[in-house]
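Visitor: Below is a structure I'd like to ask you about.
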Amino acid sequence: MFKLFPMLTSGCKMVALLGRPRKPMLKDSATTGTIFGYRKGRVSLAIQEDTRQMPMFLIELPMLTSALNKEMASDIVRIALESETKTNKKKLLEEFVWAVYCNGRKVGYSIRRKQLSDDELHVMQHLRGVSMGAGVLPSSNNNDKDNSLDGEMTYMRARFERVVGSKDSEALYMINPDGAQGPEFSIFFVRAH
């Protein structure tokens, strides 16, 4: 029995020498999507490959958070973002101007942003360790007076299966935890020609 101890301690030393892995140990093709906004304000959509990094796609949708919550009560939510750009030089998620549809109804236009606002940065920092869930975030201290008019900051974060149809179409399908019943939520990206 005592002969095993040196082997166990040397194994522990090996793990300590290797350090903490930089990449997640479970690598999958799922993408993290976060939908957030003040209750009386507009809703934003952020898509990340890794929750510890900045979003690769961030857009403020032309709809109120309360309107999206009503759509989610129907158990099926389909958001379609359509770019009318005629060039193929950019990747699909690098397009800037998007027509936004929610459950088949056009709700307006949005512009993808590269820079995060203070509120968006606050949300991304608070949700860094969250893989999925929904709730209310504490308000940021510097903007309490401005944000009290819009209500509380709500969020929903989920893992999405990313399906690339072609260079002009992608889809994100929300992955529900095993056995959990929840709304069916999908996001579609299309470049129309």
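Values in this text are rule-based calculations from the coordinates and carry no lab data. The model shown is predicted, which means the values in this text are computed figures rather than measured ones.
Visitor: Amide H of residue 61: which non-local residues (sequence gap of 5 or more, or other chain) have their own amide H closer than 5 Å, using H built in the peptide plane?
Guide: Amide H neighbours of residue 61, under 5 Å, 5+ apart: 43, 44, 45.
Visitor: Quick one: length gained pulling residue 166 to residue 97 fully straight, 0.36 nm per residue minus the C-alpha distance? Numbers along the way, then the final one.
Guide: On the way: separation 69, 0.36 × 69 = 24.84 nm, distance 1.93 nm.
Result: 22.9 nm gained on full extension.
Visitor: Beyond 21 Å between alpha-carbons counts as too far, so tell me which of 70/91; 106/167; 86/167; 91/114; 90/167 fall in that bin.
Guide: Checking Cα-Cα distances, 70/91; 106/167 exceed 21 Å.
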